[in-house]
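Take a look at the structure set out below.
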Amino acid sequence: MDDEARDPEIGKRRAGFVPDVLDSSVIAFPLMERLKNEPDRLHHIVIDLNLNYPGGREGARKRATTLIEQAIESTNESEGRGASGDAGSQYIFATLDAQAIKAVVRMDREAAGDALTQRAIFHVWPDFEIRALT
């Protein structure tokens, strides 16, 4: 029997904390692929808010909107469009490049630290194009 099988904590210590892995759990895989393959293109995204955020849905919406604005400014994203969506919805729609999307997720993670309930963003998806099935 190997050491990891006897003591699961060994595997945890070896793996360590890797922020990129955490970001990839927030940014949906299809979007991560698009960001990697087309980093300079603007991407239409849907941000799923953390409903357990302090202040609820509205608090998360305000925080995520502020993060989007900061990301657009910090990445010199001149063509990106900020947050939109119904005030009561748990979703925010935005159009940003890869650098700005990653900046939004990174800033949210850094501000929250290890407390997942302190993150305003639960998940970021590509805003898939809708097509008729027929």
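The values are calculated or read from the model by the stated rules, or taken from the named source; none is laboratory data. Please read all numbers here as calculations on a predicted model, not as lab measurements. All Cβ positions, glycine included, derive from the backbone under ideal geometry; neighbour counts span all protein chains shown.
State whether the residues of segment 107-115 include one that is assigned to a loop (DSSP other than H, G, I, E, B), in contact with a strand residue (DSSP E or B) (Cβ under 7 Å, 6 or more places away or on another chain) and either more than 13 Å from residue 31 (Cβ to Cβ) or of a type in the set (Asp, Glu) (or both).
no
Going through segment 92-110 one residue at a time, which ones are in contact with a helix residue (DSSP H, G or I) (Cβ under 9 Å, 6 or more places away or on another chain) and polar (S, T, N, Q)?
99
Being small (Gly, Ala, Ser), crowded, with 18+ Cβ neighbours inside 10 Å and part of a loop (DSSP other than H, G, I, E, B) is the filter here; which residues of segment 51-68 pass it?
Of everything in segment 51-68, nothing turns out to be small (Gly, Ala, Ser), crowded, with 18+ Cβ neighbours inside 10 Å and part of a loop (DSSP other than H, G, I, E, B).
Can you tell me which residue among 40, 48 is closer than 20 Å to residue 127 by Cα, touching a Phe, Trp or Tyr at 6+ places or on another chain (Cβ under 9 Å) and charged (D, E, K, R)?
48
List, please: which pairs have Cβ atoms under 8 Å, are six or more places apart or on different chains, and start with a residue in segment 75-99 that is assigned to a loop (DSSP other than H, G, I, E, B) and end with one that is modelled with pLDDT under 85 and crowded, with 17+ Cβ neighbours inside 10 Å?
97/75; 97/77; 97/80
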